[in-house]
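The values are calculated or read from the model by the stated rules, or taken from the named source; none is laboratory data. This is a predicted model, so every value here is computed, not measured. Cβ atoms come from the backbone with ideal geometry, glycine included; neighbour counts cover every protein chain shown. The area values use the complete protein model at the heavy-atom level, side chains included, leaving out ligands, DNA and RNA. Shrake-Rupley method; radii C 1.70, N 1.55, O 1.52, S 1.80 Å.
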Amino acid sequence: MAEFGALSSSFLVAAVGLGVPLALAALGETVSERAGVINIGLEGSVIWGALGGALGALALGPYGGLAAGALAGGLAALVFAAFAVWLNTDQIITGTAVTIGSLGFTGAVFQSRFGATGLALELPTVPAWEVPVLARIPVVGPAFFDQAVTAYLAYLLVPVLGWFLFRTRRGLSLRAVGESPEAANAAGVPVVRTRMLAVVFAGLTAGLAGAHLSLVHTGTFAENMSAGKGFIAIAVVVLGRWNPKGVVAAALFFGGAEALQFALQAVDADLPYPLFLALPYVLSLAALAGWFGRSRAPEGLASAWPRG
Amino acid sequence: MRDALRLRGVTRRFGPVTALDQVDFALAPGEIHGLLGENGAGKTTLARVAAGILQPDAGQVVIGGEPLGARGVGGARALGVAMVHQHFSLVPRFTGLENVALFDSAAWTRRGTGSPGYRERVEARAEELGLEVQLDVQVGGLGVVERQRVEILKALMGETRVLLLDEPTAVLAPQEVEGLFAVLRQVARAGAGIVLVAHKLDEVLAVADRVTVLRRGRWVLTGEAAGVSARELAEAIVGAGVDGGGGGVGGGDAGGPGTVGGGGEDAPKVGAAGAEQAPEPRPGDDVEVARLRAVTVSTGGPIPLRGVSMEVRRGEILGIAGVGGNGQRTLAAVLAGMLPPDSGEVQLPEEVGWIPLDRTEEGLVNEFTISENVALAVHGSDDYRRGPWLDWAGVAETAAALVRDMDVRADSSATQAGVLSGGNQQKVVTGREFLRSGELLVAESPTRGLDVKATVAVRARIAALARSGKRPPGVVLISSDLDEILELSDRIAVMVRGRLIPVPREDHNPTAIGELMLSARGDGDP
């Protein structure tokens, strides 16, 4: 029984650790999609965040690295927003281009700086902070309250974003932009500015998620290390039904599926482990189809809005 | 006295179309100013420029003596301008209260969170204005009349110096128009200037102090409402010497399909006539083309249907009157075969023509040309097939005829649907649906928002269609415009709260039907 407790505890630790970057990126994307912009370029922000985090950590230490990662992700999102929002290009195509371009550019920057030798880069990592008292709770304590600062930021974002989206004027305006840009415009809400800011916010959190990958999770950088996390985050938003609380729960669920898959690989079970990676997507599709109750995407999601 | 609103030489273009051409306009505080003109005359554009939603290409907007400049909607709002839009500017998935708060800075504290007691203030204002508004329901689930009340309340929450209303009466029953006008008079007495965009001259003349007429983007006249006749105004709107003005509509004497009125004999018929010229009931051949038995719909449409039974016979026009939002849209969707009922029996012909209420959203592909939009309707017909290919030349010919017959203000049938004004888009959809009416035509407020000339054309077309050829379609005419119902219908029923009440022939008059329309309202209604 004690052994089971230890096992489930270590599984939970892994699940939360894998869920945190998804939660960060997905919480940002929630804001962006609530403003009517679906940012397929989120993956690009994640990989720029990972590289920015690595370079920043080498120059400024691990916390400087986190900040640099967030900034790098935000800049990638700014490029996306400049096209998809400012110039009103198609959101899906633009996002795809930003992602593919980012994977290439980050690889090029990495190779020009560290060579193509494949030598593992060692980075100063962000240590875990144990929260007094809470970390002592059996099983869940170490999993949730013995994590790096990025995890606590993700926890903090849930009530903050919930309050912002549903209790403040700017939150209401932002949701109006996502539901009906025409109505928002007629009510005097600056549609383009709102969308630009929302997208850049998503880029910042996605960049932080990327920095988490390089500075908390692995302590190194590798090309393409984002490994689809940005895309998964978009699925997380769907499963979490565009609501911060639901999104963070969905992120942990995806993290758990990934952790389970690693655990199964380790014990060499007679199951094709990628199955567990696929499961959350099935649920995302079910969520889109409305099998968990009605909660639809913002009506103006991916809608064009020309300036002027 | 300083003008509440003044436009100086305002010009606004949309691509190649000049919607407003150096227009001057002045609105005095406390006056109700009727703004008249045909579809595409620039009325809506003028209102939107004044509200700061559109920037003028040239000229100046001055509100209460202060130039608006490029400050947009927020700036206009701060100066006291509010607008009630024809197609509304509400977020469908927000509640009434959220929609009101979105527009009103008084709803928020300086920190940007909800201001305490705001809800009570909204309720008090609604009561003061005599507006019954549902604040906690998503507006997408409300009927069109209820949505309009939210929109009006939203416009009047702050300090309002200028109130712009775009076609507010198009969705209202006669009794409700009076209610709206009472609100407007109250607001005007409080010192605000009101611009009322409308098509029905008699309505405008009943409430307005002054009127201004626009034609094709230009100012034509401004005068005291008491000093001009409906006739003079109609001539100003259409333009002197314009041919094809249209004569009497209704009865059995309308021209064949595609011809508009008799031409030249008189100015277009204006306002509420019609009642006395209701057609004689004709001994239609009693072939049923559609039949509903105890049809109930409680999901899928915002307003449920409760046990609706009806039949439509070939060659008759069945008029369905009712205040908007009583289940008409749901009924139309069932008749169009778009919505399966929860229970009850539905028999429909194979092909049903449908002129939907929301013509811009459900009717047209904005990126397509008029021809291409016409092709969408006729591509299945053998008449437009040439071997395996679509007969584009034939389609273009039909589209050109449509543009001509319906008086669509477009350069040609190759014009993109999206650049047309709202009224002209409606003309395209309406004209197109006549092409494929099959055995049943469902027309939802087919003349809502149309100008006088197009209204005459559409009504003539409907009347002619039901009396044409060997196998005329049955027509279901759903409209909140009583004049229209009375003018065209062979039989009339009234839709109230999801039920359909037949009106006996001796009650085919505005008073009796109006009373029925409003009869069950307020019963058990919050």
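Worth a mention:
- Peptide B:97-105 - average C-beta neighbours from other chains (10 Å radius): 4
- Compared with the direct C-alpha span, the chain from B:Thr296 to B:Asp342 gains 16.0 nm at full extension, assuming 0.36 nm per residue.
- Loop sites in the stretch B:111-216: trypsin sites (Lys or Arg not before Pro), DSSP, at most 11 other Cβ within 10 Å: B:Arg111
- Per residue accessible area of chain B, 1.4 Å probe, in Å²: 40 Å²
- Loop trypsin sites (Lys or Arg not before Pro), the stretch B:1-42, which have at most 16 other Cβ atoms in a 10 Å radius of their Cβ (DSSP): B:Arg2
- Taking the Cα atoms of chain A, the ratio Rg/Rh between the radius of gyration and the Kirkwood radius comes to 0.98.
- For the protein assembly as shown, the number of Lys pairs with C-alpha atoms closer than 17 Å, counting only pairs eight or more positions apart or on separate chains, is 6.
- Sorting the segments B:375-388, A:18-31 by their mean number of nearby beta carbons within 10 angstrom, highest to lowest, gives A:18-31, B:375-388.
- Note on B:His87 and B:Gln60: the extension gain reaches 7.1 nm, defined as 0.36 nm multiplied by sequence separation minus the Cα-Cα distance.
- Where only DSSP H runs of four or more residues are counted, chain A gives -23500 deg cm²/dmol as its mean residue ellipticity at 222 nm, each run worth -39500 (n - 2.57).
- Local net charge near B:Arg111, Cβ-Cβ under 13 Å (Lys/Arg +1, Asp/Glu -1): +4
- Other protein chain Cβ atoms within 10 Å, averaged over every residue that makes up A:182-194: 6
- Taking a sphere under 12 Å around the Cβ of B:Ser371 and counting the other residues whose Cβ falls inside, with K and R at +1 and D and E at -1, yields a net charge of -2.
- Surface accessible to a 1.4 Å probe, A:Glu299 within the full protein complex, Å²: 90 Å²
- Separation of the stretch B:39-77 from the stretch A:147-205 is 29 Å, based on Cα centroids.
- The A-B contact accounts for roughly 1700 square angstrom of buried accessible surface, both chains included, probe 1.4 angstrom.
- Neighbour net charge for B:Val346 - beta-carbon separation under 10 angstrom, K R +1, D E -1: +1
- Taking Cα atoms only, the orientation of helix B:510-519 departs from the longest principal axis of chain B by about 70 degrees.
- For the stretch B:5-238, the share of accessible area belonging to carbon and sulfur comes to 48 percent (1.4 Å probe, ligands and nucleic acids excluded).
- Looking at the stretch A:141-261, the accessible area is 33 square angstrom per residue; that uses a 1.4 Å probe and ignores ligands, DNA and RNA.
- Axis of helix A:42-81 versus longest Cα principal axis of chain A: the two differ by about 40°, to the nearest ten degrees.
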